[in-house]
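Novice: There's a structure below that I have some questions on.
The values are calculated or read from the model by the stated rules, or taken from the named source; none is laboratory data. Predicted model only: the values in this text are computed from it and were never measured. Here the Cβ positions follow ideal geometry from the backbone for every residue, glycine too, while neighbour counts run over all protein chains shown.
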Amino acid sequence: MTSFHKLPATILIVVFFFSVQPLLGQGRYDGPKTIKELQLAIEKILQETGTPAVGIALVNKDSTVWTAGLGIANLEKNTKATENTMFRIGSVSKMFVSLAILKLQQEDKVSLKDKVRDLVPEIEFKNPWEKTALIRVEHLLEHTTGWDDMRLGDYALDNPRLTLKGGLDFLPASRTSRWMPGTRMAYCNAGPPVAAYIIEKITGQTFEEYIQSNFFTPMGMENMTYFNSEAYKKLGAALYIDKEPQKYWNISVRPSGAINASPKDMARMLKFFISRGWAGKSQLISEESLKRMETASTTTGDKAGLEYGYGLANYSTPYKSYVYRSHGGGVNGGLTDFSYLPTHQLGYAIMINSGDGSALSRISGLIREFQTKRLSPDRVFWPKVKIQQRTDISGYYLPINPRVENAYFYERILGVRQIRDRNEFVFVNNLFGGWTETHRAINDKQYIAEETGKISLVKVTDPIAGNVVHDGNQVLMPVSPFMVYGQILLGGLWILYGAGAVLFGSIWLIRYWRGKNFSKKSIWLGLWPFMASLLVFLLSFIGGKDPFGLLGRVGVVSVSLMIVTTCFALTSIWSAINVVKERRLKINRNIYWHLAVLSCLHLIATFYLMWFGVIGIQTWK
């Protein structure tokens, strides 16, 4: 789950997201050579980023290399972090849902191919493609149901006594397939809890009891828990945003992100994965099951051979020639990175008690460099190139698998990709810069990453969108340059004209109050576009450090957001009507046309935001 920090509401709608995958550096540098040097380098990052503490576990096939807590676990009490300090690991918790389903599948009690509707008919969800594309258990775990992510109201529920069924019943409307199940991946915190509820029905135990007896206890997890236990109250690290402590968050659907664990616990979890399912002398999960967990298989891209993706709660994260298996996690004030290399039997876990993603990313980069510098680079197998007649895929692309539907208004503008096809190479970058991916064609539909030799991009046919490109977990649809630059131009003009209206409108009001004589009609003509611009300006300040509490419940902030977006729409519509109505008004024509253009832009923005459900949004539903 993810941390939100001082974000305005318009951005919060975009970035509702509960899983954090660190952006790991790819460059070469002479990093730490010993554990002591690594420790000093990490402590320097903590100091530079203001991160209070970190919990670390490093393991290899033979032993636990290092477990430690560095920094201050609780600033108020000045408690130092140790290897026993417990951190919140967020969405890494989802891995145990997949492990449990795989274990039950080995026992012939459930199958990944089972229909969810048959197993739990009492769980509400909608699938417009019910007759042709059923939702199956594997779709829940690979996030390919097509469901929107959970609502802010789900996150704000915060009830420690809530049952799993109660959490799933609270706001079920988000569980509606937006595209055909099993075609696109979009991260969704509602899928794994439904799978966890299936586990409860099959076993007759609560999900937490089943995981405790079948995984935590056999794996030797001394304190790992889904609850605010006595151990956590004693050993838990306080979580911070800007050095302000955050209260304990009781997640409404615990299987998605509620686990608390120490570095010692995480070392045992890592050993379980790199030993291929063994815990001591018992093999809890077969290697075949783990390989399935590490394989993305349900999207149209996966079926076309894509090798980068999200398996059963298990990401592929490349680093140089290596491909780590991993999962990230986050809560308000806490982030985690859990990663391992199955082929080299080593791995690491990092847990910090702040929401600073750059700190986590830098520490992850240090550790990956440290772990791999003594390894021989993984051999990259270059498939034999078979290209008869390859279609040039150069152009502009929109992402069409948004995690949060209400946020898509933002993503479809700032998320535009540009693909440049040069000979056998394809370069992908965000239109606004920041990074570039390089892929190499091996046939007319598949492209590999040069560093790893894995198929990282494929061309497929989507049943709804037609010809698309799957770039890892992103699904990209080709669009015309006119649409791309048209929406950027309109957006830029809207911001420019709106800012001008706030600035010059304020000056105009001051002059009016000082006795400058304006006609009533000219006053009203300029007032409405000014008010609409001012409301947009106010929107950027609606938010806070606790978005779940402020926006996930009925309150001053959430109701203000609903009112302000509604008022923006009303003032925009009336501005356009008034501009047309007063088109013959005797007023400086430059001013008139400025107001006319601004009113038109506000009207376009209103209908655009209305299309994505932002106007009058009720964030608590």
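Novice: Need at least 3 residues that are farther than 24 Å from residue 321 by Cβ per element, so show me which strands (runs of 3 or more DSSP E) inside segment 408-471 make the cut, counting only ones lying wholly within it. Give the steps one after another, and end with the answer.
Specialist: Numbers: elements: 417-422, 425-430, 436-441, 446-449, 455-462, 466-471.
The strands (runs of 3 or more DSSP E) meeting that bar are 417-422, 455-462, 466-471.
Novice: Which pairs do you get when a residue that is without any contact (Cβ under 8 Å) to a residue 60 or more places away in the chain, found in segment 199-215, comes within reach of a residue that is part of a helix (DSSP H, G or I) and not acidic (Asp, Glu), reach meaning Cβ atoms under 7 angstrom, with the pair 6+ apart or on two chains?
Specialist: Qualifying pairs under 7 Å: 200/164; 200/207; 208/254.
Novice: Only one of these is assigned by TED's automatic domain parsing to the domain that holds residue 400 and touching an Asp or Glu at 6+ places or on another chain (Cβ under 9 Å): 453, 434. Name it.
Specialist: On the way: 434 fails: touching an Asp or Glu at 6+ places or on another chain (Cβ under 9 Å).
After ruling out the rest, the residue left standing is 453.
Novice: Moving on to the next point. Could you please find all residues in segment 176-195 being of a type outside the set (A, V, I, L, M) and assigned to a helix (DSSP H, G or I)? Give the steps one after another, and end with the answer.
Specialist: So in segment 176-195, the residues of a type outside the set (A, V, I, L, M) come out as 176-179, 181-184, 187-189, 191-193.
Matches in segment 176-195: 191, 192, 193.
Novice: So which of 192, 255, 218 is in contact with a Lys or Arg (Cβ under 6 Å, 6 or more places away or on another chain), of a type outside the set (A, V, I, L, M, F, W, C) and either at pLDDT 95 or above or crowded, with 17+ Cβ neighbours inside 10 Å (or both)? Break it down stepwise before answering.
Specialist: Details: 255 fails: in contact with a Lys or Arg (Cβ under 6 Å, 6 or more places away or on another chain); 218 fails: in contact with a Lys or Arg (Cβ under 6 Å, 6 or more places away or on another chain).
After ruling out the rest, the residue left standing is 192.
Novice: Does segment 421-463 hold any residues that are surrounded by 14 or more Cβ atoms within 10 Å (Cβ to Cβ) and among the hydrophobic types (A, V, I, L, M, F, W, C), and which are they?
Specialist: 426, 427, 428, 431, 441, 442, 448, 449, 455, 457, 458, 460
Novice: I'm trying to understand the selection: among the residues of segment 278-295, which are over 16 Å from residue 104 (Cα atoms) and touching a strand residue (DSSP E or B) at 6+ places or on another chain (Cβ under 8 Å)?
Specialist: Passing the criteria: only 294.
Novice: Return the only residue of 563, 587, 542 being without any contact (Cβ under 8 Å) to a residue 40 or more places away in the chain and assigned by TED's automatic domain parsing to the domain that holds residue 524. Before you say what the answer is, go through the steps one by one.
Specialist: On the way: 587 fails: without any contact (Cβ under 8 Å) to a residue 40 or more places away in the chain; 542 fails: without any contact (Cβ under 8 Å) to a residue 40 or more places away in the chain.
Of the residues listed, the single one that is without any contact (Cβ under 8 Å) to a residue 40 or more places away in the chain and assigned by TED's automatic domain parsing to the domain that holds residue 524 is 563.
Novice: Restricting to segment 49-79, count the residues that are over 30 Å from residue 155 (Cβ atoms) and touching a residue at least 12 places away in the same chain (Cβ under 8 Å).
Specialist: Here is the first cut: in segment 49-79, the residues over 30 Å from residue 155 (Cβ atoms) are 58-68, 78.
With the extra rule that they be touching a residue at least 12 places away in the same chain (Cβ under 8 Å), the set shrinks to 58-61, 64-68.
Of the residues in that region, 9 qualify.
Novice: Restricting to segment 75-116, name every residue that is in contact with an Asp or Glu (Cβ under 8 Å, 6 or more places away or on another chain) and among the charged types (D, E, K, R).
Specialist: Matches in segment 75-116: 113 only.
Novice: Something else about it: Which members of segment 268-280 meet the condition of being crowded, with 18+ Cβ neighbours inside 10 Å and not in a loop (DSSP other than H, G, I, E, B)?
Specialist: First, pick out the residues of segment 268-280 that are crowded, with 18+ Cβ neighbours inside 10 Å: 268-274, 277, 279.
The answer is 268, 269, 270, 271, 272, 273, 274, 279.
Novice: Okay, next question. From the list 475, 536, exactly one residue is touching a strand residue (DSSP E or B) at 6+ places or on another chain (Cβ under 7 Å), hydrophobic (A, V, I, L, M, F, W, C) and either modelled with pLDDT under 90 or surrounded by 12 or more Cβ atoms within 10 Å (Cβ to Cβ) (or both). Which is it?
Specialist: 475
Novice: Okay, moving on. Just to be sure I understand, how many residues within segment 230-247 are outside any strand (DSSP E or B) and either touching a Pro at 6+ places or on another chain (Cβ under 7 Å) or modelled with pLDDT under 95 (or both)?
Specialist: Initially, segment 230-247 is screened for residues outside any strand (DSSP E or B), giving 230-235, 237-238, 242-243, 247.
Narrowing further to those that are either touching a Pro at 6+ places or on another chain (Cβ under 7 Å) or modelled with pLDDT under 95 (or both): 238, 242-243, 247.
Total meeting the criteria: 4.
Novice: Within segment 102-122, can one find any residue that is buried (at least 22 other Cβ atoms within 10 Å of the Cβ), among the β-branched types (Val, Ile, Thr) and within 23 Å of the chain's Cα centre (by Cα)?
Specialist: The answer is no, given that none of the residues of segment 102-122 is buried (at least 22 other Cβ atoms within 10 Å of the Cβ), among the β-branched types (Val, Ile, Thr) and within 23 Å of the chain's Cα centre (by Cα).
Yes/no matrix, rows are residues, columns are (1) surrounded by 17 or more Cβ atoms within 10 Å (Cβ to Cβ); (2) part of a helix (DSSP H, G or I); (3) touching a Phe, Trp or Tyr at 6+ places or on another chain (Cβ under 8 Å):
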| site | (1), (2), (3) |
| --- | --- |
| 197 | yes, yes, yes |
| 205 | no, no, no |
| 223 | yes, no, yes |
| 227 | no, no, no |
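Novice: So residue 173 ticks every box in (1) out of contact with any Phe, Trp or Tyr (no Cβ under 9 Å at 6 or more places or on another chain); (2) modelled with pLDDT of 95 or more; (3) outside any loop (DSSP other than H, G, I, E, B) but one. Which box is left unticked?
Specialist: Result: residue 173 fails condition (2) only.
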